[in-house]
């Protein structure tokens, strides 16, 4: 094996006094996945270059992914030694956010604004304030970021996200509808707008947005998941939703999700009674979903519903019990299990499940 000349040089000079050489060696070792050797070299670089801003900056970058608190410590020392670097405080704020040091990130960001008022720093500050629940400050910072960069899709999205996180859905809708005037083919904006409409209980508009997101980015799973939650509100769009679920299933044969959603849409369109061919198709899809993810509560729930229709009550009860074992907070599963227990003559257990259904339904309504 040919040894790099640089490594031969270091090996021949163990009492190396050049901090930059040790920093370069640390980076080389890191690329070779020799992690302990990389850290040892970085420590030597720090010891020799403790007052050298260039070394401190390089070391902060070196530790950024592997040890964010260390990167924050070094970044703070660099910022104090390099007042002319307008990016120093922004980089320090980023290191602090990665390390979970939110208060220190805010302090660094506010100091940074005195030398560099830009959208990236404003966004960092907005995220820091949002993390600690100071929503008014988060909105103020994200709004300033948007003013500084009005044609940035991410700036619109970040501001909308702050409103969504605090469940201020009307404000999120306002931001996202304005964003759509500029970014009319953005799947990210359409998906977020669908979520905001859903939060406002505007289900028809939410369905439209999720379908539009699918047209723009058919490979993204989130709009399918959201549609699966509001099938009861799809109304005349339900056949279109079912078709989109079937296409997602065909594109993702290894995933449980497509089979589950396709089955759920078919069940939503079944008549009140009986077990037609569509019910058997849905049952087969549920089995395929469970073969790929056995611990999916909703798949067991659908299996229980379909077995109940087929009057196989013992098997239906077992599936619904498994669904509740996986997700005890779903009122619908308790309600269905109460019905099945009633058909099996297990009246006391049926009453217990009805009581749980009522309790969970009341809690969900609050």
Taking the condition under 19 Å from the mean Cα position of the chain (by Cα), surrounded by fewer than 19 Cβ atoms within 10 Å (Cβ to Cβ) and under 18 Å from residue 158 (Cα atoms), does residue 199 pass? yes
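Out of 275, 283, 245, which single residue is outside any helix (DSSP H, G or I) and under 22 Å from residue 304 (Cβ atoms)? Break it down stepwise before answering.
Values: 283 fails: outside any helix (DSSP H, G or I); 245 fails: outside any helix (DSSP H, G or I).
The unique qualifying residue is 275.
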Among the residues of the range 316-330 satisfying the criterion of being closer than 19 Å to residue 260 by Cα and touching a helix residue (DSSP H, G or I) at 6+ places or on another chain (Cβ under 6 Å), which is surrounded by the most Cβ atoms within 10 Å (Cβ to Cβ)? 320
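How about the range 130-139: which of its residues are surrounded by fewer than 23 Cβ atoms within 10 Å (Cβ to Cβ) and in a helix (DSSP H, G or I)?
Our first condition is that a residue be surrounded by fewer than 23 Cβ atoms within 10 Å (Cβ to Cβ); within the range 130-139, this holds for 130-137, 139.
Correct list: 130, 131, 135, 136, 137, 139.
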Residue pairs meeting the criteria (Cβ under 7 Å; at least 6 apart or on separate chains; first closer than 15 Å to residue 61 by Cβ, in the range 81-96; second in a loop (DSSP other than H, G, I, E, B)): 87/116; 88/82; 90/116; 95/64
Residue that is nearest to residue 138 (Cα to Cα) [pool: residues in the range 97-109 that are under 21 Å from the mean Cα position of the chain (by Cα) and assigned to a helix (DSSP H, G or I)]: 102
Qualifying positions in the range 45-79 - more than 18 Å from residue 89 (Cα to Cα) and part of a helix (DSSP H, G or I): 45, 46, 47, 48
Which count do you get for residues in the range 165-179 that are closer than 16 Å to residue 153 by Cβ and buried (at least 17 other Cβ atoms within 10 Å of the Cβ)? 4
Can residue 11 be described as farther than 17 Å from residue 75 by Cα, within 40 Å of the chain's Cα centre (by Cα) and either modelled with pLDDT under 95 or outside any loop (DSSP other than H, G, I, E, B) (or both)? no
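Given the residues 299, 317, which is the only one that is over 26 Å from the mean Cα position of the chain (by Cα) and either modelled with pLDDT of 95 or more or farther than 20 Å from residue 245 by Cα (or both)?
Working: 299 fails: over 26 Å from the mean Cα position of the chain (by Cα).
Matching residue, one of 299, 317: 317.
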Count of residues meeting criterion [assigned to a helix (DSSP H, G or I), surrounded by fewer than 15 Cβ atoms within 10 Å (Cβ to Cβ) and in contact with a helix residue (DSSP H, G or I) (Cβ under 7 Å, 6 or more places away or on another chain)] in the range 344-364: 2
Within the range 180-195, residues closer than 12 Å to residue 157 by Cα and either touching a residue at least 40 places away in the same chain (Cβ under 8 Å) or buried (at least 22 other Cβ atoms within 10 Å of the Cβ) (or both) come out as 189, 190, 191, 192, 193
Pairs only if they're at least six apart or on different chains, beta carbon under 6 angstrom, first in the range 313-327 and at negative phi and part of a helix (DSSP H, G or I), second at pLDDT 95 or above and surrounded by fewer than 16 Cβ atoms within 10 Å (Cβ to Cβ); list them, first residue then second. 313/343; 313/344; 326/295
So is residue 254 under 24 Å from the mean Cα position of the chain (by Cα) and surrounded by 13 or more Cβ atoms within 10 Å (Cβ to Cβ) or not? no
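Return a yes/no flag: does the range 81-92 have any residue that is assigned to a helix (DSSP H, G or I) and either surrounded by fewer than 20 Cβ atoms within 10 Å (Cβ to Cβ) or at positive phi (or both).
Quick first cut of the range 81-92, residues assigned to a helix (DSSP H, G or I) only: 81, 88-92.
From what is left, the residues that are either surrounded by fewer than 20 Cβ atoms within 10 Å (Cβ to Cβ) or at positive phi (or both) are 81.
Yes, the range 81-92 contains at least one residue that is assigned to a helix (DSSP H, G or I) and either surrounded by fewer than 20 Cβ atoms within 10 Å (Cβ to Cβ) or at positive phi (or both).
The values are calculated or read from the model by the stated rules, or taken from the named source; none is laboratory data. A quick note: this is a predicted structure, and the numbers were derived from the prediction, not measured. Don't worry about glycine lacking a Cβ; one is built from the backbone with ideal geometry, like all the others, and counts go over all protein chains shown.
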